[in-house]
Amino acid sequence: MTKSKLFYALFLMSAVLFTSGIISCKTASEDEVIETGEEVIVDGDFDTKTKDTTFANAVVIKYSGTTATVTNPLESSGVKVSVSNGNVVVTSTTTTTEVNYVLSGSATNGSFKIYSDYKFNLVLNGASIVNSSGPAINIQSGKKVSVNLLSGTNNRVVDGSTYATSSEDQKGAFFSEGQLNFAGTGALTVMANYKHGICSDDYIAITDGNITITKTVSDGIHANDYFKMSGGTLNITAAGDGIDCEEGYVAISGGNITVNSVDDGITASYDGTDTAITPYVAITGGTINVTTTGDKGNAIKSESYTTVNSSEAITLKVSGRASKGFKTTGNLTITNANANITTSGNAFYDTSDADIASAAGINCDANFVMQQGTVTINSTGIAGKGITVDGTSTINGGTINIITTGATYTYNSANTSEAKGFKSDGAFVMNKGELNIAASNDGLKSGTSITINDGTINVTKSYEGMESIFITIAGGVCNLTATNDGINTSYGTVSGGTESNDNSHLKVTGGVLIVTGSDAIDSNGNFTISGGVVISNGNENIDINGNFLVNGGTLIGAEPANNMTKAMSTSSTQVGFFIKSSASVSTSSLFHIEDASGKDLGTFMPKMSSSYFHFSHPSMAKGSQYKIYFGGSYTGGSFVGSSSGWGLYTGGTYSNTGATLKSTTTTSSSSTVNTITF
């Protein structure tokens, strides 16, 4: 002994009964001091109480300090067991009998190693195994291993920081060449001082049990073929990945998972070329909490596709530079979700990629689909993103909430990155659901097109609210607020836009578009309204380089003064007004238009003091009389599209008491565009 140690132990003799190959075991609890190299672990806080139980075809191994006793009724059946100090080695050649290896007691410096030609069961019945020079459990068998964590028992395995030289594969504190299947309601604690916590060169499946991995040098759980979990509780603290499947998939259908890792939390990490391997992640149940702290650490990552179809809580927190909540090389499909993602890592210039790397709540290299459920993303790091998609994005339902508050990252004048809400390089299509965004920079941006067929989009804060080359609003409600362009179509070929038609196109065929910004509506190409309702108010209301056509729908647009705003194109087919007033309508007053019979065509409260207006309504006709009022009052009703504090009223009653009749105008009998000045 190199140090003086106090040993206190209470041992009761085991009662062992043999009846037709059946062994019954009973062992008392122990308190003792365990030494592994220079590290002393006091075992008094670790309860190794065993449970009375009976197993058929059982080999019972009882550890005590640096020794072990073995009861082996199957020696004549091909099961050989050798003991060297606390190291137990089993060699089983039977191919017809599933042997139960029952481990109990406490090994201060020992191990369990097995060679088996047939599948077997490993029963942990209050076992604490510490090995200073290798794995605590070392399964050198490619057969299926069923690990039973007996109810009411606490079990522990600890390996050494260095391993004795061996030609055999051994990668962790609990290592197996074959499949590992964990069941039982007992507890297992793993401390990995060399590499992985639990490792299999095949698959790992957990159906029950309480497994805690307190420390690793590399991954908490490392599987080769796949990792599955359907029940139980798994808590992992890892210096590498939390759960890593090297050449297969991860499937989680139940249980409770908590991961605190430096690298990826849960990952299907295969990066080889074998097309028969699909490294996907599928989540259909289970409560998942993942926290990662390393640069480019991803909470949940797959090198293929990821699917989520679960209403149970998924909480992802990533704080490293350029870290991601969900990261997929393939498609990400959310059929149902209850996910909360927080990113706080800053962007940085990655010299290996010669590009800026940024954090993101969701980063999808292929296509993104959301069906139902709720996804909430809060990004606070410099240039952090909410959702970035390299392919197409389709929202068919559910609710997505995105907040990005980070500043712009600048590496040099040619390399900058901003904090954006939702960016899709491919087409973005919304068919149903709700998208809420508050972003430091762009709210919703697509490099190809945006189509809104139904649903609700609220951009409450942005530099540019919605941007793409082609935007079609066919249904739903879009409520956009920006400091620059509220909604913008542009090819983006010239910095700051172009002053000639670049043939980009904003189309409103239905639904409600409510937009405000420095330029409320800005199209470097064309703007066509053929249905729906457009409500806009900006320092510059409508800035169009191409054709501005009103062929249907309702339009009310306002601005303080005529900057670049112009009247609708004369080829418009629906009658409308372009109004220039020398007086302004304040934010507490009203702009009102009615026909000759007094029918309210539009009552509008501006967001900013305004004197220039665009107005068109489907009931307007050529050669007809209309009255324009400033002021008055409106009772009842609400704002169209539930805009807050400003917009077009509906459902109530307008009164011109106290109002000023600014104009009684008869529209042209030949032209659809009527410019009025007063």
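Hey, could you check the stretch 339-357 for residues that are of a type in the set (S, T, N, Q) and touching a Gly at 6+ places or on another chain (Cβ under 6 Å) and say which is surrounded by the most Cβ atoms within 10 Å (Cβ to Cβ)?
Initial filter on the stretch 339-357 (of a type in the set (S, T, N, Q)): 340, 342-344, 346, 351-352.
Among the residues that remain, those that are also touching a Gly at 6+ places or on another chain (Cβ under 6 Å) are: 343-344, 346.
On the way: T343: 30, S344: 18, N346: 22.
Among those that are of a type in the set (S, T, N, Q) and touching a Gly at 6+ places or on another chain (Cβ under 6 Å), it is T343.
Which count do you get for residues in the stretch 429-444 that are charged (D, E, K, R) and not in a loop (DSSP other than H, G, I, E, B)? Steps first, answer last, please.
Start the filter on the stretch 429-444 by keeping residues that are charged (D, E, K, R), which leaves 432, 434, 442.
Right, trim to not in a loop (DSSP other than H, G, I, E, B) and you get 434.
Result for the stretch 429-444: 1.
Are any residues in the stretch 265-293 in contact (Cβ under 8 Å) with a residue 40 or more places away in the chain and open to solvent by 20 Å² or more (accessible area, probe 1.4 Å), and if so, which ones?
Passing the criteria: only Y280.
Might you check whether a residue that is β-branched (V, I, T), at pLDDT 95 or above and under 30 Å from T408 (Cβ atoms) occurs anywhere in the stretch 296-305? If you could, list the steps in order and put the result at the bottom.
Here is the first cut: in the stretch 296-305, the residues β-branched (V, I, T) are 300.
Still in the list and also at pLDDT 95 or above: 300.
Keeping just the survivors that are under 30 Å from T408 (Cβ atoms) gives 300.
Yes, the stretch 296-305 has at least one match.
Find all pairs meeting these conditions: Cβ atoms under 7 angstrom apart; at least six residues apart or on different chains; first residue within the stretch 157-184 and closer than 13 Å to G142 by Cα and open to solvent by less than 30 Å² (accessible area, probe 1.4 Å); second residue polar (S, T, N, Q) and not in a strand (DSSP E or B).
Between residues of the stretch 157-184 that are closer than 13 Å to G142 by Cα and open to solvent by less than 30 Å² (accessible area, probe 1.4 Å) and residues that are polar (S, T, N, Q) and not in a strand (DSSP E or B), the close pairs are G178/S141.
Can you name the residue in the stretch 218-249 that is under 19 Å from R156 (Cα atoms) and either in contact with a Ser or Thr (Cβ under 6 Å, 6 or more places away or on another chain) or of a type in the set (S, T, Y) (or both) and, of all such residues, is surrounded by the most Cβ atoms within 10 Å (Cβ to Cβ)?
For the stretch 218-249, the residue satisfying everything is G242.
Within the stretch 380-400, can you find the residues that are open to solvent by 10 Å² or more (accessible area, probe 1.4 Å), more than 21 Å from S310 (Cα to Cα) and assigned to a strand (DSSP E or B)?
The answer is K385, T388.
Among strands (runs of 3 or more DSSP E) lying entirely in the stretch 604-678, which contain 1 or more residues that are more than 23 Å from D543 (Cα to Cα)?
Filter on the stretch 604-678 gives 625-630, 633-639, 647-655, 660-666.
Residues are listed down the side, and each one gets a yes or a no for (1) out of contact with any strand residue (DSSP E or B) (no Cβ under 6 Å at 6 or more places or on another chain); (2) closer than 25 Å to G345 by Cβ:
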position	(1), (2)
I213	no, yes
M229	no, no
G255	no, no
D274	yes, no
T278	yes, no
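All but one of (1) open to solvent by 10 Å² or more (accessible area, probe 1.4 Å); (2) in a strand (DSSP E or B); (3) of a type in the set (V, I, T) hold for I457; state the number of the condition that does not hold.
Evaluating I457 over (1) open to solvent by 10 Å² or more (accessible area, probe 1.4 Å); (2) in a strand (DSSP E or B); (3) of a type in the set (V, I, T) leaves (1) as the failure.
If you check N537, N541, which single one turns out to be at pLDDT 95 or above, closer than 21 Å to V585 by Cβ and open to solvent by less than 10 Å² (accessible area, probe 1.4 Å)?
N537
Being among the basic types (K, R) and under 16 Å from F120 (Cβ atoms) is the filter here; which residues of the stretch 57-102 pass it?
Correct list: K80 only.
On the given criteria, is M620 out of contact with any helix residue (DSSP H, G or I) (no Cβ under 8 Å at 6 or more places or on another chain), farther than 21 Å from G476 by Cβ, touching a residue at least 12 places away in the same chain (Cβ under 8 Å) and open to solvent by 30 Å² or more (accessible area, probe 1.4 Å)?
When the stated conditions are applied, M620 does not pass them.
Of the conditions (1) modelled with pLDDT of 95 or more; (2) surrounded by 18 or more Cβ atoms within 10 Å (Cβ to Cβ), T93 fails just one. Which one is it?
With respect to (1) modelled with pLDDT of 95 or more; (2) surrounded by 18 or more Cβ atoms within 10 Å (Cβ to Cβ), T93 is out only on (2).
Residue pairs, Cβ under 8 Å, 6 or more apart or interchain, first in the stretch 218-241 and within 23 Å of D274 (Cα to Cα), second surrounded by fewer than 20 Cβ atoms within 10 Å (Cβ to Cβ) and of a type in the set (V, I, T). List them.
none
For the stretch 122-156, enumerate the residues that are open to solvent by less than 10 Å² (accessible area, probe 1.4 Å), of a type outside the set (S, T, N, Q) and closer than 22 Å to K215 by Cβ.
L124, G126, A127, I129, V130, G134, P135, A136, I137, I139, V147, L149
Return only the number of the condition from (1) open to solvent by 40 Å² or more (accessible area, probe 1.4 Å); (2) of a type outside the set (S, T, N, Q); (3) in contact (Cβ under 8 Å) with a residue 40 or more places away in the chain that K423 does not satisfy.
K423 satisfies every listed condition except (3).
Checking T108 against (1) more than 19 Å from F174 (Cα to Cα); (2) buried (at least 16 other Cβ atoms within 10 Å of the Cβ); (3) among the hydroxyl-bearing types (S, T, Y): exactly one of these is not met. Which one?
The single condition T108 does not satisfy is (1).
With a cut-off of at least 2 residues that are closer than 17 Å to K228 by Cα and over 12 Å from the mean Cα position of the chain (by Cα), name the strands (runs of 3 or more DSSP E) lying wholly within the stretch 252-340.
Strands (runs of 3 or more DSSP E) meeting the threshold: 266-268, 281-292, 306-318.
Evaluate the stretch 524-540: report whether one residue or more is touching a residue at least 60 places away in the same chain (Cβ under 8 Å) and not in a strand (DSSP E or B).
no
What single numbered condition from (1) surrounded by fewer than 24 Cβ atoms within 10 Å (Cβ to Cβ); (2) of a type in the set (A, V, I, L, M); (3) under 26 Å from P279 (Cβ atoms) fails to hold for A438?
(3)
Between a residue in the stretch 328-352 that is farther than 17 Å from V389 by Cα and of a type in the set (D, E) and any residue that is open to solvent by 20 Å² or more (accessible area, probe 1.4 Å) and assigned to a strand (DSSP E or B), which pairs come within a Cβ distance under 9 Å, given they are 6 or more apart or on different chains?
Qualifying pairs under 9 Å: D350/I356.
Give the residues of the stretch 150-170 that are under 19 Å from S128 (Cα atoms) and either acidic (D, E) or within 31 Å of the chain's Cα centre (by Cα) (or both), sorted by residue number.
D159
Identify all residues within the stretch 204-217 that are farther than 18 Å from L124 by Cα and crowded, with 20+ Cβ neighbours inside 10 Å; write none if there are none. Full working, then the answer.
First pass over the stretch 204-217, keeping only residues farther than 18 Å from L124 by Cα: 214-217.
T216, the sole residue that qualifies.
The values are calculated or read from the model by the stated rules, or taken from the named source; none is laboratory data. Every value quoted in this text rests on a predicted model; they were computed, and no experiment measured them. We place every Cβ from the backbone using ideal geometry, glycine too, and count neighbours over all the protein chains shown. Just so you know, the surface numbers come from the protein's heavy atoms only, side chains and all, with ligands and any DNA or RNA stripped out. Shrake-Rupley method; radii C 1.70, N 1.55, O 1.52, S 1.80 Å.
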